[in-house]
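The values are calculated or read from the model by the stated rules, or taken from the named source; none is laboratory data. Keep in mind that this is a model prediction, so the values were computed, not measured. Every residue, glycine as well, gets a Cβ built from its backbone with ideal geometry; the counts of neighbours run over all protein chains shown. Areas reflect the complete protein model, heavy atoms only, side chains present, ligands, DNA and RNA absent. Shrake-Rupley method; radii C 1.70, N 1.55, O 1.52, S 1.80 Å.
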Amino acid sequence: MILEVKNLTKYFGGLAALSDVSLQLEEGKVLGLIGPNGAGKTTLFNCVSGLLPISSGEVIVNGTSTAKLKPHQITKLGIARTFQVVKPFGNMTTLENVMVGAFLNTSNYKQAEKIAMEAMKTVFLDNQSNQLAKTLNLGQRKRLEIAKALATQPKLLLLDEVMAGLTPTEVQEMLDVIRQINKSGVSILIIEHIMEAIMNISDD
């Protein structure tokens, strides 16, 4: 298993945002996570990626417990995630944005540039490499968000509503991107409200 979540509980004060959540994701698979707004889906992502400490339970990535690890250490284990609200560095180019992720595993500028360009090709943004991020449309910004995560060279990618707000054509483009990422060997845990899309892309 690339990811095991065991009886994960997260309290905010006296409120349980997550209660005894368990799931498993096999390597190379796509797992869809659905539920109404406020159900705790993004909170689960925040706990798995280390942005929030868990109240009880356990998260295991590739056989390693993340209990005592900081977010950057969990990323080093091979987990990357996107965020619902995309916030690129607007006055930097798309390439420079993606290179930020690439520097997780290299301090060499040319190597980081190469990794970033490969990530941008995967999400079909390589033709916008010199474009300022603030000039991208929403669909392109969503793909930039994924490219930034891919540049960390993850084994597991957490996608948080990457199709929200997109046109039907852009949704199909995003599905193509996700399939290509998964085909490259990256396991995917995806939150999505567009049922047709998540049923189309998920193994479970």
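Of the solvent-accessible surface of the chain, computed with a 1.4 Å probe over protein heavy atoms with every protein chain present, carbon and sulfur atoms account for 50 percent. Among the chymotrypsin sites (Phe, Trp or Tyr not before Pro) in region 37-137, none sits in a DSSP loop with a Cβ that has at most 11 other Cβ atoms within 10 Å.
Separation of region 86-127 from region 47-81 is 24 Å, based on Cα centroids. Full extension of the chain between residue 7 and residue 60 gives 17.9 nm of extra length, using 0.36 nm per residue less the Cα-Cα distance.
For the chain, dividing the convex hull volume of the Cα atoms by the residue count gives 117 Å³ per residue.
Shown here are the Rg and Dmax of the Cα trace of region 72-123, at 11.4, 30 Å.
With all protein chains kept in place, the per residue accessible area of the chain amounts to 49 square angstrom at a probe of 1.4 angstrom. Of the peptides 55-61, 65-71, 180-186, the ranking by mean beta-carbon count within 10 Å, highest at the top, reads 55-61, 180-186, 65-71. Here the translational diffusion coefficient of region 129-176 follows from Stokes-Einstein with Rh set to the Kirkwood radius across Cα pairs; for 20 °C and 1.002 mPa s it amounts to 184 µm²/s. Relative to the longest principal axis of the Cα atoms of the chain, the long axis of helix 138-150 makes an angle of roughly 70 degrees. For region 105-185, a/c is not less than 1.5, where a ≥ b ≥ c are the root eigenvalues of the C-alpha gyration tensor, and a/b does not top b/c. That puts it in the oblate class. In region 15-130, inverting the average of 1/r over every pair of distinct C-alpha atoms gives 16.5 Å as the Kirkwood radius. Compared with the dominant Cα axis of the chain, that is its longest principal axis, helix 168-183 is turned about 80°.
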